[in-house]
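Taking it in order: structure first as structure tokens, then the write-up.
The values are calculated or read from the model by the stated rules, or taken from the named source; none is laboratory data. Given the structure is predicted, the values throughout are model-derived calculations rather than measurements. Here Cβ is always computed from backbone atoms with ideal geometry, including for glycine, and neighbour counts include all displayed protein chains. Quick note on the areas: whole protein, heavy atoms, side chains included, nothing else; ligands and nucleic acids left out. Shrake-Rupley method; radii C 1.70, N 1.55, O 1.52, S 1.80 Å.
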Amino acid sequence: MSKPKIERTLVLVKPDGVVRGLIGEVVKRFEMVGLKIVGMKMMKITPDFAKQHYFAHVEKDFYPELEKRIIAGPVIAAVLEGMNAVEVVRKIVGSTESKSSVPGTIRGDFAHVGLDYQGTKNIVHASGNLEEAEKEVGLWFSEKELFEYKTMYEKHIEEE
Ligand code: UDP
Ligand code: MG
């Protein structure tokens, strides 16, 4: 059997999710599946920071609108840890376009507007792959802001 892949990934509750009062709902969904929160904070980011976070999108047509939305208010940033956390978190978040993200996912349950509308709001950000996750965790969190502890489930496994 291959060794389980413990990964860390970045999740943001975007300003549109914060103002809709969805912080608890979003966090709950990650806790429900047993992912471990190893860092969490509220931040209001600057245009410069937004460009670092979304560096892959800075040249795209939709970037000005995207930047406007991500700096519009405070975000909740969290680092989640677990087996294949990057893929599992993306599954829980749902596909980028809320119009087609399936019910049961965060974007599918709480938004519906397609990407053809430039100001579309899709509640959350989640790192797209492991490389992105490593970069984003490093951008948003210092080592001191990340914590090591054992969840009840991990303690339980140890006892078996
Ligand atoms: N976005 C947009 N229009 C597009 C593509 C993306 O407004 O045509 C926004 C949307 O908020 C999305 C973010 O830019 O969440 C980052 O795009 P990406 O393709 O990385 O999607 P994600 O990783 O967030 O699913
Ligand atoms: Mg992305």
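Data for the structure
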| item | result |
| --- | --- |
| Kirkwood Rh and Cα Rg combined as Rg/Rh, segment 90-160 | 1.14 |
| Within segment 30-46: backbone nitrogen closer than 19 Å to the M152 label point (7 Å, Cα to C-beta) | 30-38 |
| Cleavage-rule hits, chymotrypsin sites (Phe, Trp or Tyr not before Pro), segment 47-149, DSSP coil, Cβ neighbours within 10 Å at most 14 | F62, Y117, F147, Y149 |
| nm² value of the averaged projected area, convex hull over the Cα atoms of segment 1-78 | 6.8 |
| Surface accessible to a 1.4 Å probe, per residue, for the residues of segment 1-111, Å² | 52 |
| Label point distance in nm, H112-M42, each placed 7 Å from Cα along Cα→Cβ | 3.0 |
| Listed residues L12, L35, L130, most fluctuating in the chain (Gaussian network, C-alpha, under 10 Å) | L130 |
| Longest site-free stretch - the chain; sites: trypsin sites (Lys or Arg not before Pro), DSSP loop, at most 13 other Cβ within 10 Å | 61-149 |
| Contact order normalised by residue count of the chain, Cα under 8 Å, 6+ apart, percent | 33 |
| At R0 = 22 Å, FRET efficiency that the Cβ-Cβ distance of I6 and S95 yields, to 0.05 | 0.30 |
| Cα-based radius of gyration of the chain once divided by 2.2 N^0.38 Å, which approximates compact folds | 1.05 |
| Per residue, the convex hull volume that the Cα atoms of segment 32-127 enclose (Å³) | 106 |
| At most 11 other Cβ within 10 Å, DSSP loop - GluC sites (Glu not before Pro), segment 36-85 | E59 |
